[in-house]
Structure formats: C-alpha cells, structure tokens
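Visitor: One structure, as structure tokens, below. Some questions next.
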Amino acid sequence: MKTPVTVLTGFLGAGKTTLMNRVLTEQHGQRIAVVENEFGEIGIDHELVINAEEEIFEMNNGCICCTVRGDLIRILGNLMKRRDRFDHILIETTGLADPGPVVQTFFVDDDIKEKLSVNAVVTLVDAKHILEHLDDSDEAKEQIAFADVILLNKCDLVDTADLDRLEARLKAMNGMARIHRTTNAEIEIPKVLDVGGFNLDHALAQDPQFLEPEYPFEWGGIFRLPAGLRGHHARPQRQRLHGKRRGGERIHDQLRRPR
C-alpha cells in the first residue's frame with residue numbers, strides 16, 4: 001500500500017508554520033512525518049523530542065519531523081526506511097515556491113511513484129494580504145491554481161463581506177478546490193490529510209506539460225576564438241539563450257557578448 005503525501009503551500013505569512021506546529025505538537029492521534037523546507041521557521045521544542053536519528057526528530061505525539069536540505073528524493077528515501085513509524089507525509093514548500101515541481105516528483109520518479117502517492121495540495125491563503133500579491137505574483141497564482149484544498153486563513157482580520165468577495169475570486173481561479181475559512185490555521189487534521197487524491201486532470205488542465213521532466217536550464221550558442229590566444233587571454237564572443245519552463249512556456253534571456 002502506498003503512503004499518502006500532502007503538499008502544503010502558501011504565500012509568505014499565510015500560516016504554514018502555524019499549521020505545521022499544530023501537527024507536531026497537538027495530540028491528534030495521527031502519525032505524520034513532517035518535511036519542512038530548508039528555510040522553515042518551525043522551532044523544534046526539544047522537550048517534545050523523544051528520539052533523534054541523523055536529521056529526523058521523533059516527537060512525543062507520534063509524529064516525526066525533518067528538514068529538506070537540497071534533495072527531496074533523498075530525504076523521502078530516508079523516511080521510507082522508517083516506514084513503520086508514520087502513516088502520512090506532509091511536505092512544506094517555501095512561500096515563494098510553485099508547488100508544481102514538488103508534486104511532479106511523485107509522478108515522474110519511478111521509485112517514488114511506486115511507494116508514495118499524492119493525497120492533496122493544500123494551500124493556505126492570507127485573507128488579509130493576499131490581494132496585494134495576486135495581480136503581480138505568478139507563484140501566488142500557481143499555489144491557488146494547483147490546490148485541492150484552500151485554507152482561507154486569518155479570517156478574524158477581515159469582515160464577512162470582504163471574505164465573501166475574496167472567496168468568490170478564489171473560486172474563479174480554482175473552482176475544483178474545497179475552501180475552508182480558518183483563524184490561526186485551526187482546522188480538523190482529517191480535512192487536510194484525508195482528501196483522497198491529488199486531482200491530476202486538473203493539474204494537466206493548468207499545465208499540459210506538467211508530467212514532462214523539467215531541466216534547470218537549456219542553452220546553445222556559437223563561440224568564436226581569435227587565433228593564437230589561449231587560457232584566460234582568450235575572450236570569446238558569444239551569444240547564449242537559456243531559459244526555464246514556467247507554466248508551459250519557456251522564458252529566454254539573451255546574454256550580451258563580453259566587451
């Protein structure tokens with residue numbers, strides 16, 4: 001049986017850390033492996049740690065916590081060696097991350113695909129400040145577009161009429177996601193973890209090339225070296241195109257020739 005994985009995302013300040021701390025400290029009866037991002041702000045309370053092995057902490061509420069430092073596939077591999085200690089994996093992305101590449105890992109890597117399955121993408125939205133970012137942040141839009149569940153958080157800071165308008169806009173951006181209004185990211189854990197499966201068809205509708213492998217850059221160019229020059233004295237004249245796939249498009253940047 002595959003282990004379910006939930007990807008937790010949300011723009012800066014949306015409340016991801018608050019929710020992650022709840023998962024790690026409350027007595028909710030779930031055995032969850034929490035994978036925080038490298039820049040996460042979760043402060044591990046060592047009074048709650050009952051065992052620490054390598055980079056993995058075992059908490060006294062039955063959960064375990066670790067930090068991604070570079071290679072998500074590596075840390076998932078280490079977790080799976082402890083498969084008997086948890087029933088679910090919760091992965092936190094950075095506030096400025098597009099969740100697509102993280103989710104893609106579970107569909108294109110054969111070893112991961114055999115052992116793990118994506119339960120859902122859960123996006124936290126800061127009800128007070130999200131409108132400041134929606135029009136100029138591609139990452140904020142992607143986080144909402146890929147979500148299976150949206151937690152409209154910090155609702156205590158916004159009046160009901162404004163919340164209704166904001167929720168209508170979120171539904172216009174992603175009509176498939178379940179939306180829950182929360183304060184301090186307070187929600188029953190099963191509403192986040194027992195979603196039942198990532199909506200791959202919805203992801204492909206957002207990005208038809210979602211399942212295609214991505215590469216960090218592509219380049220090609222013509223190099224001309226004047227005769228008789230070698231080493232650092234040679235100053236090639238060059239033009240390069242390089243880019244990264246984003247949202248199904250390829251962004252190119254032309255580098256100037258050195259003077």
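Visitor: Considering only the stretch 162-178, state which residues are free of Cβ contacts under 8 Å to residues at least 24 places away in the same chain and of a type outside the set (D, E, K, R).
Guide: Within the stretch 162-178, ALA168, ALA172, GLY175 meet the criteria.
Visitor: Taking the stretch 67-118 as the search range and keeping residues that are among the small types (Gly, Ala, Ser) and touching a helix residue (DSSP H, G or I) at 6+ places or on another chain (Cβ under 9 Å), which one is nearest to LEU12 (Cα to Cα)?
Guide: Residues of the stretch 67-118 among the small types (Gly, Ala, Ser): 70, 77, 95, 97, 100, 117.
Then keep just the ones that are touching a helix residue (DSSP H, G or I) at 6+ places or on another chain (Cβ under 9 Å); that gives 77, 95, 97, 100, 117.
On the way: GLY77: 28, GLY95: 5, ALA97: 10, GLY100: 17, SER117: 26 Å.
Ranking the qualifying residues of the stretch 67-118, first place goes to GLY95.
Visitor: On the given criteria, is GLU41 surrounded by fewer than 23 Cβ atoms within 10 Å (Cβ to Cβ), modelled with pLDDT under 85 and under 27 Å from GLU139 (Cα atoms)?
Guide: In short, yes.
Visitor: Under 8 Å by Cβ, and 6 or more places apart or on different chains, what pairs join a residue from the stretch 111-128 that is among the basic types (Lys, Arg) with one that is modelled with pLDDT under 90?
Guide: LYS113/PHE106; LYS113/PHE107; LYS115/LYS2; LYS115/MET80
Visitor: Within the stretch 158-180, how many residues are farther than 24 Å from GLY100 by Cα and either hydroxyl-bearing (Ser, Thr, Tyr) or surrounded by 13 or more Cβ atoms within 10 Å (Cβ to Cβ) (or both)? It would help to see each step written out before you state the result.
Guide: Restricting attention to the stretch 158-180, the residues satisfying the condition of being farther than 24 Å from GLY100 by Cα are 158-165.
From what is left, the residues that are either hydroxyl-bearing (Ser, Thr, Tyr) or surrounded by 13 or more Cβ atoms within 10 Å (Cβ to Cβ) (or both) are 158, 160, 162-163.
So the answer is 4.
Visitor: A follow-up question, please. If PRO99 meets every condition in (1) in contact with a Ser or Thr (Cβ under 6 Å, 6 or more places away or on another chain); (2) at pLDDT 90 or above; (3) not aliphatic (A, V, I, L, M) apart from one, which number is that one?
Guide: (2)
The values are calculated or read from the model by the stated rules, or taken from the named source; none is laboratory data. As the structure is a prediction and not an experimental result, all values here were calculated from the model. Because the Cβ atoms are built from the backbone with ideal geometry, glycine has one as well, and the counts that use them run over all protein chains shown.
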